[in-house]
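Please treat every number below as a calculation from the coordinates, not as lab data. Since this is a predicted model, take the numbers as computed values, not measurements. As a convention, Cβ positions derive from the backbone with ideal geometry for all residues, glycine included, and neighbour counts pool all protein chains shown.
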């Protein structure tokens with residue numbers, strides 16, 4: 001068994017049929033290997049966890065589909081922040 005498999009096999013029965021909050025509490029009370037293995041395995045297949053390359057020269061879908069058109073039409077908005085003030089002692 002891999003380093004992840006054994007604690008995962010131990011941990012999954014602990015949280016079967018529990019809602020997310022109860023499952024999280026149960027895992028936090030379990031041993032550290034179990035409390036790390038189950039969330040790690042659960043997040044492993046989530047597409048949002050993929051490393052996607054970023055091209056700063058390519059426009060994003062938000063620009064292409066007009067989602068940001070109103071903000072762009074407003075133009076730049078800059079408000080100077082107040083300068084640092086001397087600390088009163």
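Just a few scattered comments:
- Listing 77, 72 from fewest to most neighbouring C-beta atoms within 10 Å gives 77, 72.
- Estimated at 0.36 nm per residue, the fully extended path between residue 4 and residue 57 surpasses their Cα-Cα distance by 15.1 nm.
- 9, 3, 34 arranged by Cβ crowding within 10 Å, fewest neighbours leading: 3, 9, 34
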